[in-house]
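Q: Sharing a structure, written as C-alpha cells. Questions coming.
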Amino acid sequence: MSEEATSPSPSPTATSISSEGYPADVAQAFEQWMKEYERVYSGDEEKERRFANFKKSFNFVENFMKGPKQSFTVGLNLFSDMDEDEKRAFHCTVPILHNPPPIPSNKRIKKRITSLDDFSRICGGGIDWSESFASIKRIRGQGLTFGSCWAFATIAAVEALHALTFQLQNPPMLSVQLLIDCNVANHGCGGGNVLNAFTYIISNEGLNTKQNYPYHGIQRTCDTVKKKGDGLEIDAYTLVNPRNKDQLAYALCE
C-alpha cells in the first residue's frame, strides 16, 4: 500500500482519459485499473456493483478533461470503485480519540493581533509559503487504512517547519510509519491525537526518515533501532484557539 498520492496527474494538454494510459473503452479501463490497484472482488455481483461506480468516476474524469482548463487536475485513483456514501465515510469520518491529552495553556502567545496593521507589522504584510516551498504542497495518501490521519497531519506540520526554518526546497520526507508503530500514547490506525504525536517527537529527539522507516499502511511492531531521530526534531509546539485567525497568524510569525 503506497504512501504517495496514487492518482494519475493529467497533463495540461490531456483531452481524454486515454491520453493518461487508460483504454477509451470503460470496461477495458476497469480491468486495467483492477490490476493496477490489485482489486479482487468476492463475486460477480460485487464486481458488477464496483464497475457501475467505476463507470461514474471514469465518465467524470473524461468529461472534466474535455472541458475548460481548470486550476486543478483529476484522475482515476484507488477510490474510483467506491460509491458516494463510501467516499464520504472514508474522507469525512473523524477517528475516535482514546483518552486525548488535556490541552495545555497557550503560554507562548504573549500578545494578540488586533488589527490588519498589527498583522502587517509583525508578519511583514502576509504569509504565502506555497509558491516557495515544494514540501508544503506535497500530498500523501494513507491508502485504505483508516484512522492514521493524525500521523500524516503531524508529519506534514514538522516537514513544513523544517522547510521554512532552514529554507529547504525539498526537505527529507519523515516517517509516518514510525509514529503509527511507536507512539504508544496514540492508537496507530485506530485513531490518535497530534498533541500526543508532537510530545512523542520531542521525547524521541526527532524522527527518522521515510526512506529509513518506510510506510506499510498497517500498524507493526515498533523498530526500536530505526525509531531514533535523524536530527529532524522539534522542541515545542503552540496551540491556538479554534477558528482564531489572529492567534494563528501571530503563532506563525512569532
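Each reported figure results from applying straightforward, stated rules to the coordinates on display, with no laboratory input. These figures come from a predicted structure and were not determined experimentally. Here Cβ is always computed from backbone atoms with ideal geometry, including for glycine, and neighbour counts include all displayed protein chains.
Q: Could you check how many residues of the stretch 224-254 are surrounded by 14 or more Cβ atoms within 10 Å (Cβ to Cβ) and part of a loop (DSSP other than H, G, I, E, B)?
A: 12
Q: Among the residues of the stretch 52-80, which ones are in a helix (DSSP H, G or I) and basic (Lys, Arg)? Steps first, answer last, please.
A: The first filter runs over the stretch 52-80 and keeps only residues in a helix (DSSP H, G or I), leaving 52-66.
Those that are in a helix (DSSP H, G or I) and basic (Lys, Arg): Lys55, Lys56, Lys66.
Q: Please work out which one of (1) within 17 Å of Leu164 (Cα to Cα); (2) in contact with a helix residue (DSSP H, G or I) (Cβ under 9 Å, 6 or more places away or on another chain); (3) free of Cβ contacts under 8 Å to residues at least 60 places away in the same chain is the condition Ala236 fails and give its number.
A: Failed condition: (3).
Q: Follow-up. So if I check each of Thr221, Thr199, which one is farther than 23 Å from Asp128 by Cα and in a loop (DSSP other than H, G, I, E, B)? Quick ask: steps written out before the conclusion?
A: On the way: Thr199 fails: in a loop (DSSP other than H, G, I, E, B).
Within the list Thr221, Thr199, the selection yields Thr221.
Q: When you scan the stretch 235-254, how many residues do you find that are of a type outside the set (Phe, Trp, Tyr) and touching a Phe, Trp or Tyr at 6+ places or on another chain (Cβ under 7 Å)? It would help to see each step written out before you state the result.
A: Start the filter on the stretch 235-254 by keeping residues that are of a type outside the set (Phe, Trp, Tyr), which leaves 235-236, 238-249, 251-254.
With touching a Phe, Trp or Tyr at 6+ places or on another chain (Cβ under 7 Å) added as a condition, the list becomes 249.
Selection size over the stretch 235-254: 1.
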